[in-house]
Amino acid sequence: MEVNSLTAMAILVLASYIFFYLPASRLRGVLVLIMLGIIGYALVATVAEMPTFGASANPPHNEVYQRYLHQAVEDTGAINAIAAIITDYRAFDTLGEVTVLFTAIAAALSNLKAH
Amino acid sequence: MEDLLVRIICRLVVPFVQLYGLYVITHGHLSPGGGFAGGAIVGASMILFALAFNLEAGSRKLSHDISLLMESGGAIGFILAGFVAMLLGQNFLTNKAAGFPLGVPGNLFSSGAIFFFSVAIGFKVGSTMCTLFYNLIEGSDRHRSSE
Amino acid sequence: MNLAAVTAGETARIYHIWPVILPLIPLAGGILVFALGRLSKRIYPLLSFLVTLVTLLSTAGLYPLVKQGDLYCQLPKFMAVGLSFRVDLLSFIFALLVSLAWCVVTLFSLPYMRQEKYSLTYFVFLLFTLAGNLGVMVTGDWVTFFLFFELMTVASYVLVIQNRTDEAMHAGMYTLVLGIAGGLVLLGGVFLLHSLAGHVQISPMMLALQGVPAWSLATILICFMVGFGIKAGMIPLHVWMPRAYGASPAIVNAFSSGAMVKAGIYGIIRIVLLVFTPADMAAKEAFHFAASAGYVIIWLGLITMVFGALMALLQNHAMRLLSYSSISQMGYIIVAIGSAAYLFGLEEAMGFSGAVFHAINHTLYKVSFFLIFAIIFYHTGEYRLDRLGGLWRKFPLLMVFFLLSFGAISGLPLLNGYASKTLIHDALLEAHHYYHTFDIYLAERLFVLGSAFTFCYYAKLFYCTFLGPLPEKYNVNYHTSFLMYLPLALLAAGIILLGIWPNIFIENYLLPAASQFQFYRGGIEHLTGFHFFSEAPLNASATIFLLAVLLALIGFRFRFFWWKPPANLSVEKIVLQPVVSFLYRMLTHLGPKTDNAINSFYYKIASDFLALCRVVGQMDSSLDSFYENSSRKAYQIVEKSRNLEDSLVDAYDRSSKGAYQLIERGQLVDESLNEAYDLSSMKAYRLMEKSRQLDESLNSAYESSGRAAKNIYDKTAKMDNALNMAYERSGKAAKELIVPGKDSTQTSKRKSKVSSSFKINPMEWNIKNLNFDTLLLAIMLGIVFFVLFFFR
Amino acid sequence: MNLNYEHLPVIIVALLLLAAFLEPIVYRHKKSWAAPLVIASMAFFALSSLYLMAAVNYHGPFNYYLGGWAPPFGIELEIDYLAVFLLLTFSVIGLIAIVYGLQDLKHGLKDEVLGWYFTLYLLLMASMAGISVTNDLFNMYVFVEISAISACAIISIKESRECIEASLKYLILSTLGSGCILLATAMLYMITGHLNIGYLNDVLPRVMSHYPNNILISLGFFVVGYGVKAALFPLHVWLPDAHTAAPSPSSAVLSGLVIKVYAAAFLKVFLKAYPREIFLEIPVMEIVLFLSVLAILYGSIVAMVQEDIKKMLAYSSIAQIGYVFLGFSLMGQRAVAGGLLHIFNHAMMKSMLFLAAGIIIYSTGIRRIRDMKGLGVKLPLTMGAFTIGALSMVGIPGTNGFISKWQLALGALDLGRPIIVVVILLSSLLNCLYYMPIVINAFFGVKGEPELEIGKVPGVMLYSILFLGFGIIFFGIYPAPLLAFLQKTVTAIL
């Protein structure tokens, strides 16, 4: 654990050195590309590792999924399962989303009026 | 946009667009769509109107006060519908257990509170779109005139 | 927290609230003085003196209780670990000393502060500082100790900057920062102690710390020694003292040197002699640790003592001289504490008593020195020794007091300094006696040398102040208030009393205090009835004095004492200031640089991203131009093909023109042919007409014969019709007789079919069809009409 | 109808939202009711948090199922000790800041945006309450979004160029953070099929070996996301500008509460959702620890050279958020308790310092530290409160700053990391180096009467900072109930 953290810190320090003290040059651009490449690689690896989309053995195909698909009509009376989820099972999230819209309006209007 | 053709076409099209928006909002629990999508359609119709005619005409149709009221009213309606469930002795935002009549699945007036929620969201989203549009346009107008 | 396990078993423990009240008296008094001071300007000095007096009396009133055993009080809910207060005899002695010093100096400041500008803040913070100082002495755990320690540090800052000169502000900042830094190091020690021992009670901890590696113990000890050392002015940490003393008024220095420094000493005594001493006599390792710590502390003390004395010799500023003197005197006490630890299990009581006794004595004579210089400054406004001189003519009484304190500090028999010095010296001798090492012997010699130096610099101080020529401007009549002499007289009485009968004090107070520690009984008994005025100590004293006089003579003769070392030659200037300023500069440059670097890092990333976007954009635009070019080419191709087409059309035109001419010629031929045909056909026509005329005459012959035949046929047909009519009428009459009214039903049937397809019959409506959809549809249609109307 | 206390958390959130939605209408039609509405809703928030704390302390934590759907299907609120602790902190400080702010905002803002300011403030408070009580990752994300937007808006609402710049910077970085949080949440959902924190904790150990990259990357995203929002060291660049430019009540709330709420969300995600064995394999907490140590030192050092008082306080916040993350990343009982305690303590002292700075700016217009000589004579109570805050920052015993440092240092020592103690003490010394000169200059900097023009200080502003100053002293001397409560909190988490 200590070694790992030390390595991480060393990488951090090295990276910061590279960015802080190298002059603006082609090298820096290359390094940025390399870093982006690393990040991209990590993301791609993550996605590749994810369960296959739509496969029935996926972790998200659990009891929640079963319930949403099979019992939504009985639970909510809505034949559109999406509506059942967003406005009944997870209605609080939707309230939050409505609030996000309201916040955006408030932010925009207050800024327009202030300046 | 002082084009006669555009105006006439808009005048013809806008009611139907709005009707379609209302349909999408009210059939949220029956078909794809719902408050967000339908509200966006209704809002877009107002934007279309304002684009085809001009800002004053648009804001004469839907004044700032009313859009503000709808803005807040939609969200407040959502919360109040949630509170109704609480008054009925259940948790916040409860639907079936609180005793909202679910009706026959597939009918328009079915699925209890979901209908109200959809309508509230639709109001909210529609007014958000046109409020934002009007205010941004007005702001840029004012900005331009001040320069 | 299991207190019973950690306190000494022998002494009784009495629960009493008074130790908590004790520091609260001056605290509340300070607030009261502040409140009253805004109302009236006359009362508050007196009131603050009264507060200190009450504090002194209530401290002294604890004695009967303390004699019976430890007083303790706990407030477990307060602060993070609970506050606890505890007064044993050692605490009591120090508390009494502190409150006495405070009371005496406050009495002195009544007349002294009359003309000062910031006297209200002075009196208020004086009381707050007293609260901190007193609180340090009565606490029972290190957290509470730290609380009061910091209170003292922060409150005393205001006293240090009493003059508000730039120098004082700098010195005050210096003091404050160093004080807080010391406090934080101390806090680090407290943290370590808490995590290793599980509690922070001021009590023997070696049992709780068993099995802890020695370096951890050493770390804790170093933390504590640094924290207390800064307050006590131990040598590498003394730097704030000369600066602060040089910049602040003598009266504040009297507090500082007489009482606040003692907080550091008290802490060192507690940590070295109580916490880090073995509660169990059998723990050998602990003994070993205590002894080696003691050895280091002895040397620290010696360095402090000798170096302080040497520095004092070279000073020209009375306050700075006295500050170095204080440092040197603290060295004595630290030596005593070190030797007590070094001699653990043997004669530690002697070192302990020497330390405590010397602390008391130091307060007595050092306060009186400061007060003497306060009076001198009050009248002359001068601290620099080369501007003073010959003052014995003006202040003969002051000279007497000075000489008395002078004798005491340099260890003249029958004055109090002698007794404590003898104890410390004896403790060193005992150490040599038991261990027989050369370095302890050397230490003992150095001690003698340091004592001799002490005599020398006070001789210099005396000479420069009271002897020699009197400067002209000071040759006026001074009136000194009685209240200024009263404290000096009190202190002088203490010096003399303690000097003549040291045994009474030691046996009644110090030894009981020592017996509350886990000290070796034999050592304590050894001290009862100690012969101070026997041969050996007197001899040692005589040695010191001889050496001192010799040194003084040499110094005066060759004017060594007036040698001014180059200004840059000081520990502070050479080591500390560069280091601190380097650190400060480095940090303050580094910080913003890092900030900029991080910002520019983000900026760089963003700009690189932007460049990436630009590349993509360029690609886009090149694609665009590619399309444009290709379309231009295609256009050109189209244009060319159009030319081709034109020429083709031309060719067609021409060829068609040729063909037309050809056709025209052919037409001419055709016309001549036609004429020929016309002529021939006319001849044929005429022939045909003649044959038709023949035909017609034949026809009319046939027609006249046919007409005659037709007339005959017509007459027979008329007769037949008349017969038929007759038959029909008779049949009709017969039918009407058989079936009447069949025609009318057929027509009504045809009528009902029409009505069912065009008219509404409400009786036949289907109510099930009227569902909400249709309603909605209707409503929506309504809306549509409305909207149509609305958007008209 | 039985409305017992279990409904209270959701009523708090819903009523705050309701008040926020009503506020623009009220402000348009009945201007004089707008401020009382805000105060009333914040007071309701504070009182019901207090009641909730008492109830939870007495009856124990409870869960609330929104819509009546039990956890894996619906959204769950978990009102444990941590949640009520956070609720109480946010509500009390938020109430004081807005009570203070009524005067200051009328002075500093245009008339027509005041109503919107109230709306945004209430939305911010509601979102913070929501983050505190929710037990669902996606729901948390939604509230994080609300708080991010409203926080941006209450910075940029002031009419000045710096505000816009700072707010834009904040908006961009905070959107980046939100994106990271959303991605990480999605990843966790992808590999577990749950969003509920409790269920995640159950399922993650089982899927740990199957999807190591997903877990690693999601950890990274969470650290970056919450790190940006909470201004953890290398991601803090937006903070100094934003907190300097904002109106004083906004600065107080932003610096005192908003960055803390993300730290608390970090705590929830990392110590409640992820199982502990993950941190044995992936040293993410070590990295956070390292970063927080850097933050502590760096923030103090940079604060030392600042000239603007609010900027100095903002940099000091960077250091102080480092303390919070330090406590969390050590993952020991006492250390986490220390981090939580520092959330509370720093909320009090930093808001007090910002509000005091606000009074100074309000009444004199002085922002530069150098010009503050002799202010202590003119504004004795304000500077007295400032002194208390400064002493608390330094960690003088008797103030609450000492208590949190005590807890953190002992927590570090419990885990055998004495170097952390050195860092904490060093940072205290640095704090002393930049806070004490202000105090000293203010009280003792000039001889005689200073020549300063002082406007009248409204009583409400003064009382609110004195109240906070009193709180600092009170919790410095008598923290026992709080510590006992935090002990329970931490035992429940770890």
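The values are calculated or read from the model by the stated rules, or taken from the named source; none is laboratory data. The model shown is predicted, which means the values in this text are computed figures rather than measured ones. Ideal geometry is used to build each Cβ from the backbone, glycine not excepted, and the neighbour counts take in all protein chains shown. Please note that ligands, DNA and RNA were not included when accessible areas were found on the heavy atoms of the full protein model with its side chains. Shrake-Rupley method; radii C 1.70, N 1.55, O 1.52, S 1.80 Å.
Cα centroids of the stretch D:302-368 and the stretch D:463-494: 16 Å apart. Interface size, chains A and D: roughly 4600 Å² of accessible area buried, both sides included, 1.4 Å probe, rounded to the nearest 100.
Sorting B:Thr26, C:Thr543 by solvent-accessible area of protein heavy atoms yields C:Thr543, B:Thr26, largest first, with a 1.4 Å probe.
In the context of the full protein assembly, C:Val638 retains an accessible surface of approximately 80 Å², using a probe radius of 1.4 Å and ignoring ligands and nucleic acids. The packing ranking, built from the mean of other Cβ atoms within 10 Å per residue, places the peptides C:416-423, D:232-239 in the order C:416-423, D:232-239, highest first. Only protein heavy atoms count here; under a 1.4 Å probe, D:Glu112 has an accessible surface of about 100 Å².
Projected label points at C:Val784 and C:Arg521, each 7 Å from Cα along the beta carbon direction, are separated by 11.6 nanometres.
The relative contact order of chain B, computed from alpha carbon pairs under 8 Å that lie at least 6 residues apart in sequence, is 29 percent. Classification of the stretch D:1-274 by its C-alpha gyration tensor yields an oblate form. The axis ratio a/c (a ≥ b ≥ c) is 1.5 or more, and b/c is at least a/b.
Taking the 1.4 Å solvent-accessible surface of the stretch A:54-115 as the whole, the part contributed by carbon and sulfur is 63%. Highest average first, the peptides D:73-79, C:98-104 ordered by how many other beta carbon atoms sit within 10 Å of their residues are C:98-104, D:73-79.
Centre-to-centre, using Cα atoms only, the stretch A:68-115 and the stretch C:626-656 are separated by 62 Å. Label-to-label distance, C:Ile554 versus C:Phe582, with points set 7 angstrom from Cα along the beta-carbon direction: 3.6 nm.
Of all beta bridges that DSSP places with both ends in the protein assembly as shown, some 75 percent have antiparallel geometry. With R₀ set to 41 Å, the beta-carbon distance separating C:Glu664 from C:Glu696 gives a calculated FRET efficiency near 0.30.
The string of couplings for the stretch C:708-721 from the Karplus curve (6.51, -1.76, 1.60, θ = phi - 60°) is 5, 4, 4, 4, 4, 4, 4, 5, 5, 5, 4, 4, 4, 4 Hz, one whole number per residue in order, with x for Gly and Pro.
Could you tell me whether the stretch B:4-146 comes out rounded, prolate or oblate from its Cα gyration tensor? Rule is a ≥ b ≥ c as square roots of the eigenvalues, rounded for a/c under 1.5, then prolate if a/b exceeds b/c, otherwise oblate.
Cα axes put the stretch B:4-146 in the oblate bin.
When chains C and D come together, the accessible area they lose, probed at 1.4 Å and totalled over both chains, is close to 3700 Å². Excluding C:Ala263 itself, what net charge comes from residues whose Cβ is under 13 Å from its Cβ, given Lys and Arg +1 and Asp and Glu -1? Result for the local shell: +2. Contact order for the stretch B:73-133, expressed relative to its length and based on alpha carbon pairs under 8 Å spaced 6+ residues apart, stands at 35 percent. For the stretch D:123-256, the Cα-based Rg and Dmax, in that order, read 16.4, 54 Å. Placing R0 at 30 angstrom, the Cβ-Cβ distance between D:Phe62 and D:Ala484 gives a FRET efficiency of 0.90 after rounding to 0.05.
Adding -39500 (n - 2.57) for every DSSP H run of four residues or longer, then dividing by how many residues chain C holds, sets the calculated 222 nm ellipticity at -26000 deg cm²/dmol.
Once you list every other residue whose beta carbon is under 13 Å from the beta carbon of D:Ile172, what net charge do they have if Lys and Arg are +1 and Asp and Glu are -1? So the environment of D:Ile172 carries a net charge of 0. Against the main long axis of the alpha-carbon atoms of chain C, helix C:396-409 sits at an angle near 80°.
Count Lys and Arg as plus one, Asp and Glu as minus one, and take only other residues whose Cβ is under 15 Å from that of C:Ser647; the net charge is then -2.
C:Lys683 sits with roughly 140 Å² accessible to a 1.4 Å probe, with DNA, RNA and ligands left out of the calculation.
Ordering D:Leu173, C:Leu648 from largest to smallest accessible area (1.4 angstrom probe), what's the sequence?
Most to least solvent-accessible, the answer reads C:Leu648, D:Leu173.
Using Cα atoms only, what is the angle between the long axis of helix C:742-758 and the major principal axis of chain C, expressed in degrees (0 to 90) to the nearest 10? Helix C:742-758 sits roughly 30 degrees off the main axis of chain C. With the biggest extent put first, the Cα atoms of chain D measure 73, 59, 43 Å across the principal axes.
When N is the residue count of the protein assembly as shown, what does its C-alpha Rg come to as a fraction of 2.2 N^0.38 Å?
Its radius of gyration relative to the 2.2 N^0.38 Å reference: 1.40.
Taken per residue, the accessible surface of chain C reaches 51 Å², heavy atoms only and a 1.4 Å probe. Principal semi-axes of the equivalent ellipsoid, √(5λ) from the alpha carbon gyration tensor of the stretch D:332-403, are 29, 12, 9 Å from largest down. Among C:Asp670, C:Asp439, the order of accessible area from largest down is C:Asp670, C:Asp439, computed with a 1.4 Å probe on protein heavy atoms. Helices that extend 24 Å or more along their long axis by alpha-carbon positions and average at least -1.0 on the Kyte-Doolittle scale are, among the DSSP H runs of chain D, D:8-29, D:34-59, D:81-108, D:114-133, D:137-156, D:161-192, D:212-230, D:284-304, D:309-330, D:333-364, D:418-444, D:459-477.
Is the shape of the stretch C:12-565 best called rounded, prolate or oblate, per the rule: a/c under 1.5 gives rounded, else a/b larger than b/c gives prolate, else oblate, with a ≥ b ≥ c the square roots of the Cα gyration tensor eigenvalues?
Working: a/c = 1.66, a/b = 1.16, b/c = 1.43.
Taking the square roots of the gyration eigenvalues as a ≥ b ≥ c, the stretch C:12-565 is oblate.
Between the Cα long axis of helix C:348-380 and the first principal axis of chain C there is an angle of about 90°, rounded to the nearest 10. Contact order, relative form, for the stretch D:102-194: 26 percent (alpha carbon pairs under 8 Å, 6 or more residues apart, mean separation divided by residue count). Extending 7 Å from the Cα toward the beta-carbon at both C:Lys732 and C:Trp562 defines two label points whose distance is 18.2 nm.
If you roll a 1.4 angstrom probe over the protein chains with everything in place, what fraction of the accessible area of the stretch D:28-118 belongs to carbon and sulfur, to the nearest %?
61
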